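A.B. asks: Encoded as structure tokens, here's the structure I'll be asking about.
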Amino acid sequence: MCGIVGYVGPRDAAPILLEGLRRLEYRGYDSAGIAVLTEKGEVFIEKRAGKLSNLTDHLNLNGNTPVGHPGIAHTRWATHGRPNDTNAHPHADCTGNLALIHNGIIENYSELKEQLRSDGHKFVSETDTEVLAHLIESRYDGDLVEAVRLALREVRGAYAIGVMHTDHPNRIVGARMNVPLIVGLGDGEGFLASDVPAILEHTKNMVILQEGDLADVSPEGVRILDLDGAKVQREVTRIKWTLDAAEKGGFRHFTLKEIYEQPHAIQEALRGRVATDGSVAIPELTAIADKLKAIDRVYVVGCGTARYASDVGAYLIQQWAGLPAASQIGSEMRYGPPPIDERTLVISVSQSGETADTLAPTRMAAERGATVVVVTNVVGSALTRDADAVCYLQAGPEIAVASTKAFVTQVLVLELIALQLAALHGKLTPHQVRAIGLAMRDLPAQAAETLKLAPQIKKVARRYAGVRDVMYIGRTLGYPIAMEGALKLKELSYVHAEGYAAGELKHGPIALLDPQTPLVAIATAGATYDKVVSNVAEVRAREAPVIAVATEGDEEIGRYAQDVLYVPETIEALSPIVTTLPLQLFAYEVAVARGTDVDQPRNLA
Ligand code: M6R
């Protein structure tokens, strides 16, 4: 996720763009850059790695803030290419007359790059984005909109782009495919932005572009075409949000915004890894395929939420790839390490990639000769330096302290790695992998469907907001989800909660249950469903109230549970994705009802 902003009109573009970037910094802060058409008719580009302040300090210090218009600007969350000055946007074509910014991933960029290189184009960065600048250049014969259209017809992937050219001082061109982009309509000026807050102080009239829209933005207004060149009509929306509400996308908290971003985050995590026929290939693992074939045991390591994702990963690696696999708590593994040698694979999982408790055992494993694969959300983070391969979550920055979309995408990326290992070790046939891959492709829509439970969950949460303790249970894949649900409730609402393997209830924890202690049961369809139901029946016999997360169409569970949260049916292995979402919403709503600091819980950073 990156932030893009563009301006065309009579004012100097730079101050408008830099302020717009400041409001979009939540979308990415690896680097920032700006391009402005100067009074001399040249494209001036300045870009700097790191936070936006690095760019603004540099411009201010050197009295170098460009004067002129139009302009485009970008704040980056790296996907292809390290976060450095060269890979920062905007990118230029060979002539330096065209500048381009991009949010998204161009899936076929290597083949396009090869072709453009053989046609004589010179590349300076490692990004997929620069390919677009050269591709548009190669299609340009004076009509910028047409050149962008022709170029985009050759592109596979996701994009929101902004383009400017020295020949067109009164125009910026935007386009959108599976990544948000809006056009702002001011009085004699036009804007492009990834999100409303970037331009809200200049205009409240916005056109939300749809997939495949191409926008020709000028001071007179906007002309929208589809990728076949046909004109399309889009409504102008009058935005009524305040700036503060707009920064959270209209949500009350970043936590809730990120919960609702999950269908998109899931889609991004699958992008470039699961094809339309369901086949799975993780390009990041290709270079180490031989090492992965030779391994004979696996440890998946993480802390907190990342550790519960690791539990799911280890379980599925064992089931699918037939390799002995265990999850490890980062802070424990370092002091009591399991056997590790050249035939060991260590998968380190961390949203930030900076957690010291995960870094230390990862480094130790690398020193002992293990193959290290890192699963993280942050390009270039410390953890990636110890890795033989890095699989990014592609979830976009997580601002709230409580991890939500990172957990779900960690689970998904670990499942993809498990599938890849199973294929490499000959344990799943291509047909079996494709069946799972196809089920994964349904997950974004199923997650969106699951979020529709919000009104029901709010009511249930209000009813239980005053309790002191909550118990969560699940079996097999439901067990780590029970622990993650309990952790979310603890950190967001400060209510004491614990997650147990359901079979363990009778070995002690059942003594805690009474009518004031609700139990949340993960009771979706699967091999252990009947067992979970009988655990729930035992709980009901102790008069503890039960909230069940169950599969749509299951009527039996309603006999034991006061509240049933129905989630869409998926294959058992993918159930953690849909069962997690209601637990996040429940924790969030209990927290709101109790008035805690949802985005920044006490004692946590
Ligand atoms: O950045 P990491 O994924 O390495 O962070 C690990 C944990 O600190 C983190 O998941 C923590 O448990 C979250 N606050 C949970 O919501």
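A.B. asks: Which value, in Å³ per residue, describes the convex hull spanned by the Cα atoms of the chain? It would help to have the intermediate numbers written out before the result.
C.D. replies: Numbers: hull volume 96.1 nm³, N = 605.
Per-residue hull volume (Cα only) is 159 Å³.
A.B. asks: Using only the alpha-carbon atoms, how far is helix 356-367 inclined from the longest principal axis of the chain? Give it as 0 to 90 degrees, nearest 10.
C.D. replies: The two axes meet at around 90 degrees.
A.B. asks: Enumerate by residue number the chymotrypsin sites (Phe, Trp or Tyr not before Pro) in the stretch 88-196 meeting two conditions: DSSP loop (anything except H, G, I, E, B), and at most 11 other Cβ atoms within 10 Å of the site's Cβ. Show your work: numbers first, answer last.
C.D. replies: Working: sites: Y109, F123, Y140, Y159, F191; in loops: F123, Y140.
In loop regions of the stretch 88-196 (DSSP not H, G, I, E or B), there are no sparsely surrounded chymotrypsin sites (Phe, Trp or Tyr not before Pro).
A.B. asks: For the stretch 497-512, in order, what is each residue's ³J(HN,Hα) by Karplus, 6.51 cos²θ - 1.76 cosθ + 1.60 with θ = phi - 60°, in whole Hz (x at glycine and Pro)?
C.D. replies: Computed from phi, the couplings for the stretch 497-512 are 8, 9, x, 10, 5, 3, x, 7, 3, 5, 8, x, x, 4, 4, 7 Hz.
A.B. asks: What list of whole percents do you get for P(r) of the stretch 3-243, with Cα-Cα distances grouped in 5 Å bins up to the one holding the largest distance?
C.D. replies: 1, 7, 16, 21, 22, 18, 10, 4, 1, 0, 0
A.B. asks: What does DSSP give for the chain in terms of the percent of beta bridges that are antiparallel, rounded to the nearest 5?
C.D. replies: On the way: 58 of 98 bridges.
Antiparallel bridges: around 60 percent, rounded to the nearest 5.
A.B. asks: Hey, another quick one. Can you return the lysines within cross-link range of K122? Criterion is Cα-Cα under 29 Å, with same-chain partners fewer than 8 residues away left out.
C.D. replies: The qualifying lysines are K40, K47, K51, K113.
A.B. asks: On a straight-distance basis, which lysines could pair with K204 in a cross-link, Cα separation under 16 angstrom, same-chain partners fewer than 8 positions away excluded?
C.D. replies: Partners found: K240.
A.B. asks: Using Cα positions and a limit of under 18 Å, work out the aspartates and glutamates in reach of K291, with same-chain residues fewer than 8 apart set aside.
C.D. replies: Answer for K291, where 18 Å is the Cα cut-off: D341, E342, E367, D386, D388, listed by chain and number.
A.B. asks: What percent do you get for the relative contact order of the stretch 3-243 when only Cα pairs under 8 Å and 6+ apart count? If you can, show how the numbers build up before the last one.
C.D. replies: Values: 622 pairs, mean separation 47.8, N = 241.
It rounds to 20 percent for the stretch 3-243.
A.B. asks: Label the stretch 68-136 by shape, choosing from rounded, prolate and oblate, from the square roots a ≥ b ≥ c of the eigenvalues of the Cα gyration tensor; if a/c is under 1.5 it is rounded, and otherwise prolate applies when a/b is larger than b/c, oblate when it is not. Please report the intermediate quantities before stating the final value.
C.D. replies: Numbers: a/c = 1.85, a/b = 1.18, b/c = 1.57.
The shape class here is oblate.
A.B. asks: Residue by residue through the stretch 144-153, what is 3J(HN,Hα) from phi via Karplus (6.51 cos²θ - 1.76 cosθ + 1.60, θ = phi - 60°)? Round to whole Hz and write x for glycine and proline.
C.D. replies: Result, ordered by residue: 5, 4, 5, 5, 5, 4, 5, 5, 5, 5 Hz.
A.B. asks: From Cα pairs below 8 angstrom and at least 6 apart in sequence, can you work out the relative contact order of the stretch 275-441, rounded to a whole percent? Let's see the in-between values first.
C.D. replies: Numbers: 329 pairs, mean separation 50.6, N = 167.
Relative contact order here is 30 percent.
A.B. asks: Count the lysine pairs in the stretch 448-594 that are 8 or more places apart or on different chains: how many have C-alpha atoms under 20 angstrom apart? Please list the in-between numbers first.
C.D. replies: On the way: K452/K488; K458/K488; K458/K490; K459/K488; K459/K490; K506/K531.
Lysine pairs, 8 or more places apart or on different chains, close enough: 6.
A.B. asks: Something else now. Could you tell me the relative contact order of the chain? Use alpha-carbon pairs under 8 Å, at least six residues apart, and round to a whole percent.
C.D. replies: Details: 1425 pairs, mean separation 63.3, N = 605.
Averaging sequence separation for qualifying contacts and normalising by length gives 10 percent for the chain.
A.B. asks: Run the helix sum for the chain: -39,500 (n - 2.57) per DSSP H stretch of 4+ residues, divided by residue count, reported at 222 nm to the nearest 500 deg cm²/dmol.
C.D. replies: Details: 19 runs with 207 residues, N = 605.
Using -39500 (n - 2.57) per qualifying helix, the result is -10500 deg cm²/dmol.
A.B. asks: Once Rh is set to the Kirkwood radius over Cα pairs, what Stokes-Einstein translational diffusion coefficient, in µm²/s, holds for the stretch 333-446 at a temperature of 20 °C and a viscosity of 1.002 mPa s?
C.D. replies: On the way: Rh = 15.3 Å.
Rounded, D is 140 µm²/s.
A.B. asks: Decide, for the stretch 448-594, between rounded, prolate and oblate: order the square roots of the alpha carbon gyration tensor eigenvalues as a ≥ b ≥ c, take rounded if a/c falls under 1.5, and otherwise choose prolate if a/b is larger than b/c, else oblate. Intermediate values should be presented prior to the final figure.
C.D. replies: Values: a/c = 1.42, a/b = 1.04, b/c = 1.36.
Note, shape of the stretch 448-594 comes out rounded.
Read-outs: derived from the displayed coordinates by stated rules, not from any lab. What you see is a predicted model, and the numbers here were worked out from it, not measured in a lab. Please note: Cβ atoms are built from the backbone with ideal geometry, for glycine as well, and neighbour counts cover all protein chains shown.
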